[in-house]
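Trainee: Just passing along the structure, written as structure tokens.
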Amino acid sequence: MTTQDQVNTPPAEGETSITLPNIYVALTDAPLDILSIMDKVRSPEAGAIVTFAGTTRNNFASKPVHSLTYTSYRPLALQTLSSIASTLFTKHSLKGIAIVHRLGTVPIGEESILIAVSSAHRKAAWLAGEEALEECKEKVEVWKREEFEDGGVWRANRDGVQGVKVEGGRNILAN
């Protein structure tokens, strides 16, 4: 797919996106499709495409999780995603980068984030892919609610950073 095709492709239903030459970032309410994200970064100059799929697992800290629900402030989250992608595109001399985060309820086993990067050689793609994930978890304005049998917990979109537990309409500080 050419850069021109990417610019002219409308976002999917329920998706908001930013498309720049060889850079695509989006937030969507729909299930994620890894092949469509890979197509966003394909290039005849790329010898490597690295993908990462973050999936909803069925537990956190040995406690059963039923689902995750993600929310964000879309305009700011898109700007942050775009900034991360643009920085990594230049830093790692990438041929393409795409980051898509799903919002709403994400059932067990389904993807909440997909990252695809392409580069001339595999090392740059591996490094950029991992850095993209860490930057997204640290900076993007996305929050998740883990649903357990006994209620839910809001967390920053980072491993282990617990937020506020919500019980019966009251917020209490979680331990």
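Trainee: So, in nm, how far is label ILE34 from label LYS91 when the simple model puts each one 7 Å beyond its Cα toward the Cβ?
Mentor: Result for the modelled spin labels: 2.4 nm.
Trainee: Right, another one. If a/c stays under 1.5 just call it rounded; otherwise compare a/b with b/c (prolate if a/b is bigger, oblate if not). Do that for the stretch 12-142, with a ≥ b ≥ c from the square roots of the Cα gyration tensor eigenvalues.
Mentor: Working: a/c = 1.83, a/b = 1.54, b/c = 1.19.
Taking the square roots of the gyration eigenvalues as a ≥ b ≥ c, the stretch 12-142 is prolate.
Trainee: Further question on the same structure: If the cut-off is 25 Å between C-alpha atoms, which lysines fall inside it for LYS139, apart from same-chain ones fewer than 8 positions away?
Mentor: Those lysines meeting the cut-off are LYS40, LYS91, LYS95, LYS123, LYS165.
Trainee: Work through the residues other than GLU146 whose Cβ is under 9 Å from its Cβ and net out their charges, Lys, Arg +1 and Asp, Glu -1. Can you show the working numbers first?
Mentor: On the way: positive: LYS63, LYS144, ARG145, ARG155; negative: GLU147.
With Lys, Arg at +1 and Asp, Glu at -1, the net is +3.
Trainee: Using the beta-carbon distance between GLU110 and GLU45 and R0 = 41 Å, what value does 1/(1 + (r/R0)^6) give for FRET efficiency, to the nearest 0.05? Intermediate values should be presented prior to the final figure.
Mentor: On the way: r = 32 Å, r/R0 = 0.79.
Efficiency for this residue pair is about 0.80.
Trainee: Below 12 angstrom from the Cβ of LEU76, what's the summed charge of the other residues (Lys, Arg +1; Asp, Glu -1)? Working shown, then result.
Mentor: Numbers: positive: ARG74, LYS139; negative: GLU141.
Net charge in that neighbourhood comes out at +1.
Trainee: Here's something else I'd like to know. Dipole size in debye (nearest 20) for the stretch 26-102 around its Cα centre, Lys and Arg Cβ +1, Asp and Glu Cβ -1? Intermediate results must be reported in sequence, preceding the final value.
Mentor: Working: 8 positive and 4 negative charges, 39 e Å.
For this selection, approximately 180 debye.
Trainee: Using a simple spin-label model with points 7 Å from Cα along the Cα→Cβ vector, what separation in nm is obtained for GLU130 and LEU76?
Mentor: Spacing of the two 7 Å Cα→Cβ label points: 3.0 nm.
No lab work stands behind these numbers, since they all come straight from the coordinates. Everything numeric here is computed off the predicted structure, so don't read it as measured data. Cβ coordinates were reconstructed from backbone atoms using ideal geometry, including for glycine residues, and neighbour counts include every protein chain displayed.
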